[in-house]
Amino acid sequence: MDTVLDMREMMAAGRETTATAGVRKVDRDRRTTVGMPFVEDPRMVCREVNVYYGDKHAIRNVSIDVGKNEVLAMIGPSGCGKSTFLRCLNRMNDTVAGCRVSGEILLDELNIYDKRVDVVPLRAQVGMVFQKPNPFPKSIFDNVAYGPKIHGLVSGKSELADVVEDSLKKAGLWNEVSDRLDQPGTGLSGGQQQRLCIARAIAVRPEVILMDEPCSALDPIATATVEDLITELRTHYTIVIVTHNMQQAARVSQRTAYFHLGDLVEVGPTDRLFTNPRHQLTEDYITGRFG
């Protein structure tokens with residue numbers, strides 16, 4: 001979105017900073033991530049990211065790239081910091097009282113934590129799909145049309161209708177709802193509501209879509225539908241997904257990042273990380289020894 005990208009001249013230095021996170025039995029300040037946290041063609045660049053909730057150090061010196069048109073899965077036990085880190089990527093943690101974020105997160109070379117960045121267009125460019133479907137108490141059409149209207153992305157009713165139709169098609173929902181667009185979005189099934197929320201995110205033309213356990217409240221059939229959708233969306237968008245379901249991470253992602261107690265322990269190609277992890281903590285988690 002131009003309102004964000006026009007600010008690219010505020011690019012911050014430090015892209016070559018070394019990542020740090022967790023290795024067992026080593027001083028916390030000296031821990032290093034193993035594997036492949038960086039990529040050649042990143043859409044987002046995160047360097048030395050720390051998150052504090054008051055005195056609690058929730059995320060410790062996390063450095064990682066998010067590649068263009070990839071699905072990056074973040075896994076780890078409950079409370080390990082993966083959702084907290086996900087919310088850093090579009091500054092959702094700004095809404096949490098007492099939360100403080102340090103370090104750099106660049107989107108197309110724009111430091112999103114620069115004080116001059118407007119978070120409203122940023123959160124359109126880096127959209128969020130939450131754990132539980134949260135459609136607005138509006139019609140199906142208005143759920144999808146809301147974002148393009150408030151961001152001034154369309155010039156008339158005809159263009160707006162085209163955006164709504166295109167977004168619903170990309171979300172795999174058009175054929176199911178095209179004859180009842182005036183009905184409430186809250187009347188859809190759980191899986192349909194989640195796809196409606198994905199369509200709502202797509203409608204504002206994002207570059208990145210963040211998904212925080214998007215299938216945890218869905219049945220297996222709806223989960224399979226959303227997973228197929230994620231695979232299709234990767235051709236158009238960069239996706240970061242937090243999941244407790246390791247089989248889901250294996251099915252939908254190209255790279256996987258393992259978090260443990262606020263540290264980024266290991267990052268690597270998904271198939272390699274699940275079959276040949278390089279860190280003992282990663283192996284212990286994926287083999288079910290804890291988590």
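Whether any residue in region 159-182 is surrounded by 15 or more Cβ atoms within 10 Å (Cβ to Cβ), in contact (Cβ under 8 Å) with a residue 24 or more places away in the chain, over 27 Å from Val242 (Cα atoms) and out of contact with any helix residue (DSSP H, G or I) (no Cβ under 6 Å at 6 or more places or on another chain) is what I want to check. No, the conditions are met nowhere in region 159-182.
Scanning region 246-272 for residues that are surrounded by 23 or more Cβ atoms within 10 Å (Cβ to Cβ) and farther than 26 Å from Val51 by Cα returns a single hit, Val252.
Can you tell me which residue within region 216-228, out of those that are hydrophobic (A, V, I, L, M, F, W, C) and assigned to a helix (DSSP H, G or I), is surrounded by the fewest Cβ atoms within 10 Å (Cβ to Cβ)? Out of the qualifying residues, it is Ile221.
Within region 267-291, the only residue that satisfies the criterion of being in a loop (DSSP other than H, G, I, E, B), modelled with pLDDT of 95 or more and of a type in the set (D, E, K, R) is Arg278.
For region 101-153, a residue qualifies if it is basic (Lys, Arg) and over 28 Å from His57 (Cα atoms), and the qualifying residues are Lys138, Lys149. I'd like the full set of residues that are in contact with a Pro (Cβ under 9 Å, 6 or more places away or on another chain), assigned to a helix (DSSP H, G or I) and of a type in the set (Gly, Ala, Ser), limited to region 188-215. The answer is Gly190, Gly191.
Restricted to region 88-112, and to residues there that are touching a residue at least 60 places away in the same chain (Cβ under 8 Å) and within 11 Å of the chain's Cα centre (by Cα), the residue that is surrounded by the most Cβ atoms within 10 Å (Cβ to Cβ) is Asn90. Exactly one residue out of Thr243, Thr235 is of a type in the set (S, T, N, Q), closer than 30 Å to Leu106 by Cα, touching a residue at least 60 places away in the same chain (Cβ under 8 Å) and buried (at least 21 other Cβ atoms within 10 Å of the Cβ): that is Thr243. If the condition is being within 24 Å of Ala58 (Cα to Cα), in a helix (DSSP H, G or I) and within 14 Å of the chain's Cα centre (by Cα), then region 234-266 contributes only Ala249. For region 119-145, a tally of residues being among the charged types (D, E, K, R), modelled with pLDDT of 95 or more and part of a loop (DSSP other than H, G, I, E, B) returns 1.
The values are calculated or read from the model by the stated rules, or taken from the named source; none is laboratory data. Not measured: the values here are computed from a predicted model. Using ideal geometry, Cβ is built from the backbone for each residue, glycine included, and neighbour counts are taken over all protein chains shown.
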